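As structure tokens, the structure follows; a few thoughts come after it.
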Amino acid sequence: MMGPQHALSGAATWLAGSWVAAQFFDYPQSATTIAVGAAVCAGGALLPDLDMSGKVTKGQGGSTVSRSFGVASLFVAEVIEKISVGVYTATKLSKDPDRHNGHRTLTHTLPFAALMGFGSIWLCTRYGRWAVIGILFFMFGFALRGLFDKWADRAGWVIVTITSGAAAYFAFNFLPSENRGYPMIGLAVGVGCIVHLMGDIVTRAGVPILWPIPTGRRMWRMIGLPDTFAIEAGSKVETTVLRTVFTIISLVAGAGLLAPALLKRFDIEL
Ligand SMILES: [Zn+2]
């Protein structure tokens with residue numbers, strides 16, 4: 001899937017999950033917390049594609065997320081891609097094909113999702129305020145790129161960077177303190193990464209979802225849908241059907257979450 005759909009699927013999953021948590025598990029959240037969680041999950045759902053580099057010196061190419069912060073993030077993507085192909089080559093088994101590009105390897109695994117999620121919680125609890133603002137800053141930047149891709153392209157990375165920084169600062173001040181807010185950030189990052197993997201599994205190329213469990217002398221078996229069912233990346237089905245489905249889920253879940261608070265505020269009883 002392409003960046004915008006990944007981000008939207010992350011937001012939709014978080015909103016739907018928050019609605020389920022509020023309805024069935026007696027876990028209500030404030031509107032701000034839900035919004036922050038959805039944005040972080042949308043950003044997290046782009047994180048795995050930070051292994052898709054472009055032309056750093058020209059500031060071109062790369063995935064949506066690699067372009068988030070201009071040349072700086074393109075450079076990071078280049079480094080991550082090289083590390084990924086290195087890990088692939090070092091751990092591949094006899095039946096795994098040779099690779100010269102690390103896209104859809106290391107960052108497209110469940111251990112990576114766990115590392116990002118628990119790593120974020122650890123950073124937040126260990127370093128507090130600035131770690132929280134830092135993580136929010138990156139996730140908001142990614143989310144802006146994904147959810148408002150046309151705007152972000154027009155605005156450019158400077159505006160995206162300033163907007164993300166300001167949003168991260170204000171969001172920090174609204175978040176519930178340590179016990180509840182910090183694990184929530186990590187959970188949203190981790191869930192976002194997993195949602196990304198699910199989004200890539202429905203394409204033909206697939207992802208190495210089993211890694212690091214070897215199967216039939218392959219460590220990096222790409223699991224994806226068979227050709228007949230597979231969704232082609234960037235195809236009409238993806239950009240129209242899936243986009244509409246994710247938008248509807250987000251809107252319905254969002255309405256379900258906000259309705260009780262609104263009814264209460266205006267003293268309406270059902
Ligand atoms: Zn991907």
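Here are LEU258, LEU251, LEU187, LEU197: which of them is in contact with a helix residue (DSSP H, G or I) (Cβ under 7 Å, 6 or more places away or on another chain), assigned to a helix (DSSP H, G or I) and either free of Cβ contacts under 8 Å to residues at least 12 places away in the same chain or within 16 Å of the ligand (Cβ to nearest atom) (or both)?
Result: LEU197 is the single residue among LEU258, LEU251, LEU187, LEU197 that is in contact with a helix residue (DSSP H, G or I) (Cβ under 7 Å, 6 or more places away or on another chain), assigned to a helix (DSSP H, G or I) and either free of Cβ contacts under 8 Å to residues at least 12 places away in the same chain or within 16 Å of the ligand (Cβ to nearest atom) (or both).
Against the conditions (1) among the small types (Gly, Ala, Ser); (2) away from the ligand (no atom under 16 Å from the Cβ); (3) crowded, with 17+ Cβ neighbours inside 10 Å, where does GLY62 fall short? Just the number, please.
(2)
Search the stretch 210-234 for residues being buried (at least 18 other Cβ atoms within 10 Å of the Cβ) and among the hydrophobic types (A, V, I, L, M, F, W, C), and hand back the single one that is farthest from the ligand (Cβ to nearest atom).
MET219
Across the stretch 29-65, what is the number of residues that are closer than 20 Å to HIS196 by Cβ and either at pLDDT below 85 or acidic (Asp, Glu) (or both)?
The qualifying residues number 9.
Could you identify the single residue in THR32, THR13 that is in contact with a helix residue (DSSP H, G or I) (Cβ under 9 Å, 6 or more places away or on another chain) and either away from the ligand (no atom under 16 Å from the Cβ) or free of Cβ contacts under 8 Å to residues at least 12 places away in the same chain (or both)?
Values: THR13 fails: either away from the ligand (no atom under 16 Å from the Cβ) or free of Cβ contacts under 8 Å to residues at least 12 places away in the same chain (or both).
Checking each option against the conditions leaves just THR32.
Listed residues VAL252, VAL207; which is under 28 Å from MET2 (Cα atoms), crowded, with 19+ Cβ neighbours inside 10 Å and of a type in the set (A, V, I, L, M)? Give the derivation first.
Values: VAL252 fails: crowded, with 19+ Cβ neighbours inside 10 Å.
Sole residue among the options that is under 28 Å from MET2 (Cα atoms), crowded, with 19+ Cβ neighbours inside 10 Å and of a type in the set (A, V, I, L, M): VAL207.
When you look at PHE69, is it in contact with a helix residue (DSSP H, G or I) (Cβ under 7 Å, 6 or more places away or on another chain) and modelled with pLDDT of 90 or more, yes or no?
On the way: in contact with a helix residue (DSSP H, G or I) (Cβ under 7 Å, 6 or more places away or on another chain): yes; modelled with pLDDT of 90 or more: no.
Here the answer is no, as PHE69 does not meet what is asked.
Take the stretch 200-213 and flag every residue that is in contact with a helix residue (DSSP H, G or I) (Cβ under 7 Å, 6 or more places away or on another chain) and either acidic (Asp, Glu) or part of a helix (DSSP H, G or I) (or both).
ASP200
Could you tell me which numbered condition LYS95 fails, if it satisfies all but one of (1) touching a residue at least 24 places away in the same chain (Cβ under 8 Å); (2) more than 23 Å from ILE223 (Cα to Cα); (3) among the basic types (Lys, Arg)?
Every condition holds for LYS95 apart from (2).
Tell me, which residue of the stretch 235-248 that is in contact with a helix residue (DSSP H, G or I) (Cβ under 9 Å, 6 or more places away or on another chain) and not aromatic (Phe, Trp, Tyr) is surrounded by the fewest Cβ atoms within 10 Å (Cβ to Cβ)? Break it down into steps so the answer makes sense when it comes.
The initial filter retains those residues of the stretch 235-248 that are in contact with a helix residue (DSSP H, G or I) (Cβ under 9 Å, 6 or more places away or on another chain), namely 238-239, 242-243, 245-248.
Cutting the leftovers down to not aromatic (Phe, Trp, Tyr) gives us 238-239, 242-243, 245, 247-248.
On the way: GLU238: 19, THR239: 14, LEU242: 19, ARG243: 17, VAL245: 14, THR247: 13, ILE248: 11.
Among residues in the stretch 235-248 that are in contact with a helix residue (DSSP H, G or I) (Cβ under 9 Å, 6 or more places away or on another chain) and not aromatic (Phe, Trp, Tyr), the one surrounded by the fewest Cβ atoms within 10 Å (Cβ to Cβ) is ILE248.
Check off (1) farther than 30 Å from ALA12 by Cα; (2) in contact (Cβ under 8 Å) with a residue 12 or more places away in the chain for ALA45 and give me the number that stays unchecked.
In the conditions (1) farther than 30 Å from ALA12 by Cα; (2) in contact (Cβ under 8 Å) with a residue 12 or more places away in the chain, ALA45 misses (1) alone.
From the list ALA77, ALA166, ALA114, which one is in contact (Cβ under 8 Å) with a residue 24 or more places away in the chain and within 20 Å of GLY37 (Cβ to Cβ)?
Working: ALA77 fails: within 20 Å of GLY37 (Cβ to Cβ); ALA166 fails: in contact (Cβ under 8 Å) with a residue 24 or more places away in the chain.
Result: ALA114 is the single residue among ALA77, ALA166, ALA114 that is in contact (Cβ under 8 Å) with a residue 24 or more places away in the chain and within 20 Å of GLY37 (Cβ to Cβ).
Consider the stretch 222-248. How many of its residues are free of Cβ contacts under 8 Å to residues at least 24 places away in the same chain, within 25 Å of PHE148 (Cα to Cα) and part of a loop (DSSP other than H, G, I, E, B)?
Total satisfying the criteria: 1.
The values are calculated or read from the model by the stated rules, or taken from the named source; none is laboratory data. Quick caveat: nothing in here was measured; it's all calculated off a predicted structure. A quick note on method: Cβ atoms are made from the backbone with ideal geometry, for glycine too, and the neighbour counts reach across all protein chains shown.
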